[in-house]
1. What are the residues in region 150-189 that are surrounded by 14 or more Cβ atoms within 10 Å (Cβ to Cβ), without any contact (Cβ under 8 Å) to a residue 24 or more places away in the chain and β-branched (V, I, T), if any?
2. Going through region 85-143 one residue at a time, which ones are acidic (D, E) and either in contact (Cβ under 8 Å) with a residue 24 or more places away in the chain or more than 26 Å from V245 (Cβ to Cβ) (or both)?
3. When the residues of region 71-88 are filtered to those that are within 19 Å of I2 (Cα to Cα) and modelled with pLDDT of 90 or more, which remaining residue is farthest from the chain's Cα centre (by Cα)?
4. Report the residue count in region 238-271 for those that are in a loop (DSSP other than H, G, I, E, B) and either small (G, A, S) or out of contact with any Ser or Thr (no Cβ under 8 Å at 6 or more places or on another chain) (or both).
5. Among what's in region 136-149 and is in contact with a Gly (Cβ under 8 Å, 6 or more places away or on another chain) and either assigned to a strand (DSSP E or B) or not assigned by TED's automatic domain parsing to the domain that holds L170 (or both), pick the residue that is surrounded by the most Cβ atoms within 10 Å (Cβ to Cβ).
6. Only residues that are at pLDDT 90 or above, out of contact with any helix residue (DSSP H, G or I) (no Cβ under 7 Å at 6 or more places or on another chain) and surrounded by 20 or more Cβ atoms within 10 Å (Cβ to Cβ): list them for region 50-69, please.
7. Quick one: in region 187-235, of everything that is part of a loop (DSSP other than H, G, I, E, B) and of a type in the set (A, V, I, L, M), which residue is nearest to T143 (Cα to Cα)?
Amino acid sequence: MIAQAIRLNKTDVVLASSGNAGVSVATYALKAGIRCHIFVPQTASKEKLKLLRLLKASIVYVNGTFEDSYFESLKSKDARESYSCHAGSNPFAMEAYKKTALEIYEKIGVPGKIIVPVGDGTHLSGIWKGFKELKRVSISKTTPQMIAVQVAGADPVAIAFKKGLLKYVLKNPVESVAEGIVASESYNSIFAVKALKESGGYPISVTDEEIVRNLRVAITNGMIIEPTSAAALAAVERMRNDEKVRKDETTVCMLTGSGIKTLSEISEVLS
């Protein structure tokens, strides 16, 4: 996205983020000499906010969910004058996430299942797009089953899938330790639900209790991940209990965020 902003001679970029995407975009923007305007929920991780300040991002705090931050950004003067780096609407975001599929294929081929924490749904959609294209050009013969992980009570993709819809809007999503995937409407829900259907996959909604338990297990095993990533491990646990993880296939579990950026929150949750 930043490469495209450079091609278009943009001096400013704007996005809404719960933290991770904001840190990434701010890093590339700083390197490119582009001003970065980020709208964040007030519940965003303190460490991520510190990083955003170090990266000289302009931060606007919004009372509400990630989606509230997104809508506030659209109303702002910054949005009207800036190049949009919203992952849910900028097509270059999905092209970037598509590379996850290429990296997985390069290392292990086509796995049986890929488990992805889902906020706006772009990462899952991008991974599926990558594997579909690998098959289309006859590099691979098969595609993986995609599994979407959301928080129970803040899971619009899961609800849409189960209701036979492509999109569903939750009015009052719950709060969760996995703040990176709390959603009232996942902007790429249409693509995410299609990816689940096309791949023969399905969504799993996990609870905070399951997330915290798996976060503790991960850290005990030397994986310092953020709670959002632990949601994916909670899905693995659920699938094992339901005997949906087969011993004769490879399952890839995406751990999408470092816990180094959320140490205060992790310490509070685990204590």
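The values are calculated or read from the model by the stated rules, or taken from the named source; none is laboratory data. Everything numeric here is computed off the predicted structure, so don't read it as measured data. Quick reminder, even Gly has a Cβ in these numbers, built from the backbone with ideal geometry, and neighbours come from all protein chains shown.
1. Correct list: I159, V169.
2. Once the filter is applied, which keeps residues that are acidic (D, E) and either in contact (Cβ under 8 Å) with a residue 24 or more places away in the chain or more than 26 Å from V245 (Cβ to Cβ) (or both), region 85-143 yields E95, D120, E133.
3. Applying the filter and picking the extreme gives S82.
4. 10
5. Among them, the one singled out is A148.
6. Matches in region 50-69: S69 only.
7. Step by step, filter region 187-235, then rank; the result is M223.
For every residue, the table says whether it meets (1) out of contact with any Asp or Glu (no Cβ under 7 Å at 6 or more places or on another chain); (2) closer than 26 Å to D155 by Cβ; (3) of a type in the set (F, W, Y).
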| site | (1), (2), (3) |
| --- | --- |
| L15 | yes, yes, no |
| K31 | yes, no, no |
| I38 | yes, yes, no |
| T43 | no, yes, no |
| A79 | yes, no, no |
| N90 | yes, yes, no |
